[in-house]
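> Got a structure here, written out as structure tokens. Questions coming.
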Amino acid sequence: MICMKIKRLTEKTINRIAAGEVIERPLSVIKELVENSIDAGAKNIVIEIERGGRNLIIITDDGEGITKDDLLLAIERHATSKLSEDDICNINFHGFRGEALPSIASVSRMKITSRHITKDEAWQIEVLGGEVQNLVPAGLKQGTVVEVRDLFYFTPNRLKFLKSESSEISVCTDLINRFALCHANISFKFISDGRVVLNYKPNQTDLSGEDTRVGDILGADFLKNSVKVSFSRDYLSFKGYTSLPTYSRKTSVNYLTYVNRRIIRDKFFIGAVKAAYNGLIPHDRYPMIALFLEIDPYEVDVNVHPTKAEVRFKDENFIRGTLISEIRKAIAQASAPQASGEINPSKLYHPQINLLPPRPIVQSSLNINRFVDERPQAKTFSNNFNREVSTSQIHDSITDSFRSVNFEVVENKSVEKAEESSSSSDSFPLGFAKCQINNTFIISESKDGFIIVDQHAAHERLVLEKMKKAMQENRVKSQPLLVPEVVEVGAAMAEKILEFSLSLRKFGIVIERNGLSQILVREVPYLLGKLDIRGFIFDLADNISEYNTITNLDEKLDEICGNIACHSSIRAGRKLSVEEMNAILREMENTPFSSQCNHGRPTFRKLTLKELHNMFERT
Ligand SMILES: Nc1ncnc2c1ncn2[C@@H]1O[C@H](COP(=O)(O)OP(=O)(O)O)[C@@H](O)[C@H]1O
Ligand SMILES: [Mg+2]
């Protein structure tokens, strides 16, 4: 080993090393600078970026400003106006480490122009790669403007790790939405390459005095399908909105959690919220939640990580337990039947655990009963064949099912005709439709027994395979909607989805921007069945949030086709004609993987004549 003498690192090197931890990408610069503006009491914050933030980031605020002397101090490491050394546990601001400005300054060309509220003049400091270039008087009426050019110019290695411009813009949009959600009294404007992406006015309240920002950001649909949570005792209080079990999502990206107005992404919340919904939603679905927790600063440690996105609570068990019980209580109250007054069907609660993920209610243009539970019931005829059960159990469950379901024998000549005309029933292993049970299962008779088909599961697989084939052969046809569908998704999601509009065209989906928070769907794929556009768009948004790095949906072909299939399938609960049922059976026979649905569940079960004979002890 070569012996090197120990040397003290220079301030510049220390700052660049620290920048590695605090400033990972343009997003981190925006986070730190917006936090500074909020700490300075700003009422209006404008965030402008160019080329996803790598060329330029400008944050303008109307906060209290910085004096000339403090400008020099502010860019020094561990210099902060927000922490008293006598009591470092008492943290009341976003910042307290005094690291952000020196870190950003050391890896970019930074300019801060500011005018302190008590002063008549503004000053500007220019820093290049951590070295002060000059400090000069400047013209500025109020507040602070921080300009960060050529981020990572001095640490080019970092540039290699940056994602595409569009994904940087997307994460920045998400971050600003998260800030805006929790600071409804501050106006936020986000401009990317000259285009206004977000624009939230301050103090928006509706007639009842409710803050409307939650609806603006998360969408009216979320508000309609969520309940309020509110709790306050001793050193802890929290409030927010949490979705009804019937309105679940694919991932936990929709957890918007805050502690003392700080954006927190901590496993603690994911676990607690999941536990609160235990047994109410399928294990692979997540609720959507906006939760604002306020806690005595002495009861929480926010200094867990330099980015301050995680927290440790002193009494974790108490907070977890309270969250779980309060969320469950709120859901239970909203779900209780109402004695009088108007009942909002979307608030109705289905206590049984469904086999398929619940989705937002389908739009009215679909020829399907809107409020019918779309999934097979927990105890059904076909499910019982999944398990090994004794003959008598099967017998019991069949009679039970036949008693409870709306059993309908279809007298239709076309059945016999189809059977007669078939040269050999061997070529139709799934047989011919005899009837439909519970508007959910198709019963068909084959040569050697009978078959029960889960119509939703089967149709979903058929659409998926058709879609995949069409994609591979590059011939997905789309059909314009007579009336374009407007989907209210909230500004955050709208922005994310619109970035993928070109990719979506390949899937036959044509979308456009409609205001800041809506998407207009003009064309949908021409496939079997109609597409539940809203359900599809919501799942797509969740997927897109998950794939931060991808710019082209082709990479996720299977998943996107799966989403389309799932939302364009014939739902359980829809009455089918015999022709429709037979068409499904014939397609299943000619489709690969048709014995399982998209989610791996069986699409059909068969009971042979031999098994029937055994069941009735006829052998
Ligand atoms: N936008 C701003 N308005 C007013 N003061 C600011 C602003 N940004 C930074 N400052 C001042 O600069 C100091 C250093 O900022 P920073 O490096 O982010 O550290 P911290 O926020 O942890 O104190 C702050 O403590 C604050 O006094
Ligand atoms: Mg700061």
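> Return the carbon/sulfur percentage of the accessible area of segment 445-566, one whole number, probe 1.4 Å, all protein chains in place.
Numbers: 2240 of 4670 Å².
Solvent-exposed carbon and sulfur of segment 445-566 make up 48 percent of the total.
> How high is the relative contact order of segment 11-200, in percent, counting Cα pairs under 8 Å that sit 6 or more residues apart?
On the way: 393 pairs, mean separation 50.9, N = 190.
Worked out over segment 11-200, it gives 27 percent.
> In whole Hz and in residue order, list the ³J(HN,Hα) couplings for segment 8-25 that follow from phi through the Karplus curve 6.51 cos²θ - 1.76 cosθ + 1.60, θ = phi - 60°; x for Gly and Pro.
Once θ is set to phi - 60°, the couplings for segment 8-25 become 6, 6, 6, 4, 5, 5, 4, 5, 5, 5, 4, 4, x, 7, 8, 10, 8, 7 Hz.
> Using θ = phi - 60° and the Karplus form 6.51 cos²θ - 1.76 cosθ + 1.60, what ³J(HN,Hα) does each residue of segment 292-309 get, whole Hz, x for Gly and Pro?
10, 9, 10, 9, 3, x, 6, 8, 9, 10, 9, 8, 8, 8, x, 7, 6, 9
> Need one number: nm distance between label points at LYS82 and HIS613, each 7 Å from Cα along Cα→Cβ, rounded to one decimal.
So the label points at LYS82 and HIS613 sit 8.1 nm apart.
> Work out from phi, with θ = phi - 60° and the Karplus expression 6.51 cos²θ - 1.76 cosθ + 1.60, the ³J(HN,Hα) of each residue of segment 151-167, listed in order in whole Hz, and give x for Gly and Pro.
4, 6, 4, 8, 10, x, 4, 4, 4, 5, 8, 6, 7, 4, 4, 5, 6
> Go through LYS506/LYS530; LYS530/LYS606; LYS12/LYS141 and tell me which ones have a Cα-Cα distance over 21 Å in this structure. Each step should come with its number before you reach the end.
On the way: LYS506/LYS530 18 Å; LYS530/LYS606 29 Å; LYS12/LYS141 32 Å.
In this structure, LYS530/LYS606; LYS12/LYS141 exceed 21 Å between Cα atoms.
> Which of the aspartates and glutamates could a cross-linker span from LYS250 if the Cα-Cα distance has to be under 15 Å and same-chain partners fewer than 8 positions apart are dropped?
Cα-Cα hits under 15 Å: ASP284, ASP539, ASP542, GLU546, GLU559.
> Report, by chain and number, residues whose modeled amide H sits under 5 Å from the one on TYR255, excluding near sequence neighbours (fewer than 5 apart, same chain).
ILE289
> Please give the solvent-accessible surface of GLU611 in Å², to the nearest 10, using a probe radius of 1.4 Å with every protein chain present.
Accessible surface of GLU611 is approximately 80 Å².
> Something else: Taking amide H positions as placed 1.01 Å from N in the peptide plane, with prolines and chain starts having none, which residues 5 or more places from PHE604, or on another chain, fall under 5 Å of its amide H?
Amide H neighbours of PHE604: ASP454.
> With only alpha-carbon atoms in the gyration tensor, what are the semi-axes of the equivalent ellipsoid for segment 112-204, in Å, largest first?
Over the Cα atoms of segment 112-204, the ellipsoid semi-axes are 26, 24, 10 Å.
> Next question. Out of residues 5 or more away from ALA122 or on other chains, whose amide H comes under 5 Å of its own, with H placed 1.01 Å from N in the peptide plane?
Those lying under 5 Å, H to H, from ALA122 are ALA138, LEU140.
> Cα gyration tensor of segment 11-200, axes a ≥ b ≥ c as square roots of the eigenvalues: rounded (a/c below 1.5), prolate (a/b > b/c) or oblate?
rounded
> For segment 11-200, which whole-number percentage of the solvent-accessible area (1.4 Å probe, protein heavy atoms only) is attributable to carbon and sulfur atoms?
On segment 11-200, the fraction of accessible area on carbon and sulfur atoms equals 48 percent.
> Rounded, prolate or oblate: pick one for segment 213-335, where a ≥ b ≥ c are the square roots of the eigenvalues of its C-alpha gyration tensor, a/c under 1.5 means rounded, and failing that, prolate if a/b is larger than b/c, else oblate.
Prolate is the answer for segment 213-335, as a/c is 1.5 or above and a/b outweighs b/c.
> Given the whole protein assembly as supplied and a 1.4 Å probe, what does the accessible area of ARG149 come to in Å², nearest 10?
Number for this one is 100 Å².
> Tell me, what is the percent relative contact order of segment 213-335, built from C-alpha pairs under 8 Å that lie six or more residues apart?
Relative contact order of segment 213-335: 29 percent.
> Determine the per residue accessible area of segment 11-200 with all protein chains present and a 1.4 angstrom probe, expressed in square angstrom.
Per-residue accessible area for segment 11-200 comes out at 43 Å².
> Students often forget the sequence filter, so: which lysines lie under 25 Å Cα-Cα from LYS314 once same-chain residues fewer than 8 apart are removed?
LYS82, LYS239, LYS267, LYS274, LYS329
The values are calculated or read from the model by the stated rules, or taken from the named source; none is laboratory data. This one's a predicted model, so the numbers in the text were calculated from it and none came from an experiment. No Cβ is skipped: glycine too gets one built from the backbone with ideal geometry, and neighbour counts run over all protein chains shown. Calculation scope for accessible area: heavy atoms of the full protein, side chains included, ligands and nucleic acids excluded. Shrake-Rupley method; radii C 1.70, N 1.55, O 1.52, S 1.80 Å.
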